[in-house]
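The values are calculated or read from the model by the stated rules, or taken from the named source; none is laboratory data. If you're wondering where the values come from, they're calculated on a predicted model, not measured in any experiment. Here the Cβ positions follow ideal geometry from the backbone for every residue, glycine too, while neighbour counts run over all protein chains shown.
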Amino acid sequence: MKEEIGDIYPLSKKISRFAGEAIRDYSMIREGDGILIGLSGGKDSLLLSLVLAMLKKRSPVKFRLGACLIDQSGGLMQTDETAAYMDRLEIPLKIIRHPMYGIIKEREERSPCSLCANIRRGMLAGEALAQGCGVIALGHHKDDAAETVLMNLFFGGRFKCFHPHLYMSRTGVRVIRPLIYIEERRIAAEAKRLCLPVCSSCCPYGEDSKRKEAKNTLRLLEKEAPELKSNIVHALRNLRGSESWPAGMMKE
Ligand code: SF4
């Protein structure tokens, strides 16, 4: 007899509840949606895949799932375990081999992470459209949001953050972030508890130094204000797009 996903990977009730709240608060998923998961092979996107696979099984709202993994090393990434995991979740996976790191090196790019993120975002939107998906799901969590707010404030002189539910007017694709209410440490602990097949990053550029500084600053500030990350994420709810956009969605 075939084992159920929930028996193989018994997702914690808390993770499921937090993700469910975010999906509901921002009206992220609609009847008939085609959702493409942006998979990196890391803990966040693997857990996101499990959350959505479980939701798909029990939600009265019907939607379909696919996933796309962009191997930015152009073919060096070991993807067998990731592919087997997605197979268990019954999510069709497309792997695209792209020479991103080579391009960054050749161009002697000063901000590798922003070039990398821009190219990846364009590729994901293209793949979503090719697969007839109107939605891209990303694994950004509460810490990512808080760090991005601080980075933009400290180094960019602006109040800015990605939104949990964004409409990209150029492509007509919506971007959703169902893990936005969940802290990174909780995701890491859950991925470890469930023995998810997390790939270690083979990126030669490492984490953005500004993000590292924002992370450290956040850690210091949290000693005085333990609710800081939650408050920042809560503040995102007050950002409103054009009046003509449905509640919970922001237009790019
Ligand atoms: S750390 Fe590497 S993979 Fe991540 S955004 Fe930067 S260049 Fe891209």
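Report those helices (runs of 4 or more DSSP H) wholly inside the range 5-72 carrying at least 2 residues which are of a type in the set (Lys, Arg) and without any contact (Cβ under 8 Å) to a residue 60 or more places away in the chain.
13-25, 43-58
Run down Leu115, Leu124 and say which single residue is aliphatic (A, V, I, L, M), over 25 Å from Ser12 (Cα atoms) and out of contact with any helix residue (DSSP H, G or I) (no Cβ under 9 Å at 6 or more places or on another chain).
After applying the criteria, what remains is Leu124.
Val149 fails exactly one of the following numbered conditions: (1) β-branched (Val, Ile, Thr); (2) in a loop (DSSP other than H, G, I, E, B); (3) within 18 Å of the chain's Cα centre (by Cα). What is the number of that condition?
(2)
Just wondering, is there one or more residues in the range 101-109 that are in a loop (DSSP other than H, G, I, E, B), aromatic (Phe, Trp, Tyr) and within 15 Å of the ligand (Cβ to nearest atom)?
no
Given the residues Glu127, Glu90, which is the only one that is more than 16 Å from the ligand (Cβ to nearest atom), out of contact with any Pro (no Cβ under 8 Å at 6 or more places or on another chain), in a helix (DSSP H, G or I) and among the charged types (D, E, K, R)?
After applying the criteria, what remains is Glu127.
Scanning the range 72-82 for residues that are under 18 Å from Leu48 (Cβ atoms) and surrounded by 15 or more Cβ atoms within 10 Å (Cβ to Cβ), which turns out nearest to the chain's Cα centre (by Cα)?
Here the residue is Thr82.
Check the range 157-176 and report whether any residue there is more than 27 Å from Phe18 (Cα to Cα), assigned to a helix (DSSP H, G or I) and modelled with pLDDT under 90.
Checking the range 157-176: not a single residue is more than 27 Å from Phe18 (Cα to Cα), assigned to a helix (DSSP H, G or I) and modelled with pLDDT under 90.
Kindly provide the set of residues from the range 192-231 that are more than 16 Å from the ligand (Cβ to nearest atom), under 29 Å from Pro10 (Cα atoms), surrounded by 11 or more Cβ atoms within 10 Å (Cβ to Cβ) and not charged (D, E, K, R), ordered by number.
Answer for the range 192-231, where residues must be more than 16 Å from the ligand (Cβ to nearest atom), under 29 Å from Pro10 (Cα atoms), surrounded by 11 or more Cβ atoms within 10 Å (Cβ to Cβ) and not charged (D, E, K, R): Leu194, Leu196, Pro197, Ser230.
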